[in-house]
Number of protein chains: 2
Amino acid sequence: MRQEDLGRLVGYQLKRVQAALRAAMDDTLRAHRLTTPQYVCLELLGQRPGLSNAELARDAFVTRQSMNAMLQNLQDAGLVERPASAPHGRALPTRLTPLGASRLAAARADVLAIERRMTSALDEAQTRILLAQLDSMATALSG
Amino acid sequence: MRQEDLGRLVGYQLKRVQAALRAAMDDTLRAHRLTTPQYVCLELLGQRPGLSNAELARDAFVTRQSMNAMLQNLQDAGLVERPASAPHGRALPTRLTPLGASRLAAARADVLAIERRMTSALDEAQTRILLAQLDSMATALSG
DNA sequence: AAGCTTATGTCAGAATCCTGACATGAGACA
DNA sequence: TGTCTCATGTCAGGATTCTGACATAAGCTT
């Protein structure tokens, strides 16, 4: 097939996998009435309740403005809740509603199935090495 | 449950690396007056001259409409050229102008430096394995 | 106490990208 | 030949995200 130079760059293959993963997640999450960024937001809140908008934005790799709009939608859908006033500073700690928690649990099963399918060619040791390599790549770029 | 921590998911680390890579490329390419998608487009044309808009879109992981707008900008900037009418079918084969080729060469040096920095912790054998793993992950999701 | 720094939430505007739709050109096939 | 299917380029509209900017709140330094 096409054996062009671009395919031998890690950055290009990275983008290719990420695009395929995003498409697979969008397809699956549509049945749960969630977008991929929304799912990431719910997952973060499920594991670390009380995160502020800015913290969520950093961990989801979007801007504060984008995450704020996303939280508005999730709040209107009744999946998350925020206090009207800040208990400390300006940060508004966000939490999942019972509806949001159940929606997350249902969606997570399907997303984990995608993750398993994606890494089906890798055993546990290879996956561990891959995670370490990805971590070193991210820190090499950010740090 | 620590096992289901987001950081232990390959998909999340993938997104993290991709975000860091995109930020690094945006910063570097700004000096060349190029965006990251525009650079990818020029790189594709540099290696496979005469690609159509639809082919470029597929290989750059964007829609035809987005790529078409991108080509309009690159054409206005004098970096690429397209014939006014299609020599066969409806596809308009696009090529780099001399200015586009030189711009690409200058930008490529900086982008390859980022690629090397990103994979600085990996030797040649590890990089080869990583590329193979990423390829298997993409095909497992798409196929 | 006063000023500086940092972080957060928010508003306004623009740029980017996408979904949906339509007409055109080429090849396949009855 | 006529029709069907597929791919391409393009238009219109909307959704998402970003950049830039501002005011507020807490911690720290002087």
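The values are calculated or read from the model by the stated rules, or taken from the named source; none is laboratory data. In this text, all values refer to a predicted model and were calculated from it rather than measured experimentally. Cβ atoms come from the backbone with ideal geometry, glycine included; neighbour counts cover every protein chain shown. Remember, those area values only see protein heavy atoms, side chains included, never the ligands or the DNA or RNA. Shrake-Rupley method; radii C 1.70, N 1.55, O 1.52, S 1.80 Å.
Across chain B, the mean sequence separation of Cα contacts (distance under 8 Å, 6 or more residues apart), normalised by length, yields a relative contact order of 22 percent.
Each of A:Gln47 and B:Ala132 was given a label point 7 Å from its Cα along the Cα-to-Cβ line. The distance between the two points is 3.0 nm. Using the Cβ-Cβ distance between A:Thr139 and A:Ser102 with R0 set to 51 Å, the FRET efficiency from 1/(1 + (r/R0)^6) comes to roughly 0.90. Backbone phi angles across the range B:126-142, fed through the Karplus curve with coefficients 6.51, -1.76 and 1.60 (θ = phi - 60°), yield HN-Hα couplings of 5, 5, 5, 5, 4, 4, 5, 5, 4, 5, 5, 5, 5, 5, 5, 7, 7 Hz in residue order; Gly and Pro are listed as x. B:Leu51 contributes about 10 Å² of solvent-accessible surface, heavy atoms of the protein only, 1.4 Å probe. Restricting the calculation to Cα atoms, the protein assembly as shown yields a radius of gyration followed by a Dmax of 20.9, 67 Å. Sparsely packed loop sites in the range A:1-58 (the trypsin sites (Lys or Arg not before Pro) outside DSSP H, G, I, E and B with at most 10 other Cβ atoms within 10 Å) comprise A:Arg2.
With a 1.4 Å probe rolled over the protein heavy atoms of all chains, the accessible area of B:Val10, A:Val40 falls in the order A:Val40, B:Val10, largest first. A simple spin-label model places pseudo-atoms 7 Å from Cα toward Cβ; at B:Gln72 and A:Arg8 they are separated by 3.7 nm. For the range A:5-142, a crude dipole built from +1 on the beta carbon of Lys and Arg and -1 on the beta carbon of Asp and Glu, taken about the Cα centre, is about 200 debye to the nearest 20. The convex hull drawn around the Cα atoms of the range A:5-142, when projected onto a plane and averaged over every direction, covers 10.1 nm².
Residues in the range A:56-63 carry Karplus couplings, in order, of 4, 4, 4, 6, 9, 6, 10, 7 Hz; the curve used is 6.51 cos²θ - 1.76 cosθ + 1.60 with θ = phi - 60°, and Gly or Pro positions show x. Using alpha carbon centroids, what distance separates the range B:67-86 and the range A:20-34, in Å? Between the Cα centre of the range B:67-86 and that of the range A:20-34, the gap is 33 Å. Summarising the label geometry, the points placed 7 Å from Cα in the beta-carbon direction at A:Arg117 and A:Arg33 lie 2.4 nm from one another. With the helix formula -39500 (n - 2.57) applied to DSSP H stretches of n ≥ 4, chain A reaches a computed 222 nm mean residue ellipticity of -21500 deg cm²/dmol.
Once the Cβ-Cβ distance between B:Ser85 and B:Thr63 is put in as r, and R0 is 25 Å, what FRET efficiency do you end up with, to the nearest 0.05? List each step's numbers first, then the result.
Numbers: r = 24 Å, r/R0 = 0.95.
Step by step, r from the Cβ atoms, then E = 0.60.
Between B:Leu44, B:Leu56, B:Leu122, the residue with the greatest mean-square fluctuation in the GNM of chain B (Cα pairs under 10 Å linked by springs) is B:Leu122. Between the amide H of A:Val80 and those of A:Gln75, A:Thr97, distances stay under 5 Å, these residues lying 5 or more places away or on another chain, with hydrogens modeled in the peptide plane.
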